[in-house]
1. Averaging sequence separations of C-alpha pairs under 8 Å and six or more residues apart, then dividing by the length of region 11-86, give the relative contact order as a whole percent.
2. Hey, could you get me the Stokes-Einstein D for region 44-90, Kirkwood radius over alpha-carbon pairs, 4 °C and 1.567 mPa s, rounded to whole µm² s⁻¹?
3. May I ask which residue of 44, 14, 61 lies farthest towards the positive end of the charge dipole of region 11-86, with charges of +1 (Lys, Arg) and -1 (Asp, Glu) on Cβ and the Cα centre as origin?
4. Helix 55-76 sits at what angle to the longest principal axis of the chain, using alpha carbons and giving 0 to 90 degrees rounded to 10?
5. Name the longest site-free stretch of the chain, where the excluded sites are GluC sites (Glu not before Pro) in a DSSP loop with no more than 16 other beta-carbon atoms within 10 Å.
6. For the chain, what does the helix formula give at 222 nm: sum of -39500 (n - 2.57) over DSSP H segments with n ≥ 4, over the residue count, nearest 500 deg cm²/dmol?
7. For region 11-86, give the magnitude of the charge dipole about the Cα centre (Cβ charges: +1 Lys/Arg, -1 Asp/Glu; no others), in debye to the nearest 20.
8. Rounded to the nearest whole Å³, what is the per residue volume of the convex hull around the Cα atoms of the chain?
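Here, each number is a calculation from the coordinates, and none is a lab measurement. Just so we're clear, the structure is a prediction, and the values are computed from it rather than from any experiment. Cβ placement follows ideal geometry from the backbone for every residue including glycine, while neighbour counts extend to all protein chains displayed.
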Amino acid sequence: MASSSVRVLASDEVARATAELIFALQKEFPKAQLVPCEAIEGEAIHLEVRMPGTGASLRAAQERAIELKQEVENRYSFFTLVRIVSSKVS
């Protein structure tokens, strides 16, 4: 019988990783609102970062968010989703 390569995630690991990612994102983007987004299979953490800006500023923010999430992914060995979107002005 072949061994399974599926890794079961411990809830405390996911909680620690989520907290680290949230703190890093808040530090990097203090005016952003962080909210959970729709889950995607295979991703342990799902966050949407709503922040002011358009075009180039949002693309730059997305690139930085990817760097931050990759640090967490490397440390905890599971995948995360971080999506930067423009916040709506009311």
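1. Values: 93 pairs, mean separation 26.8, N = 76.
Answer for region 11-86 is 35 percent.
2. Numbers: Rh = 11.3 Å.
Estimated via Stokes-Einstein, D reaches 115 µm²/s.
3. 61
4. 20 degrees
5. Values: sites that count: 38, 41, 43.
The answer is 44-90.
6. Values: 2 runs with 40 residues, N = 90.
Here the helix-only value at 222 nm equals -15500 deg cm²/dmol.
7. Numbers: 9 positive and 12 negative charges, 81 e Å.
Dipole size: approximately 400 debye.
8. On the way: hull volume 9.6 nm³, N = 90.
So the per-residue Cα hull volume is 107 Å³.
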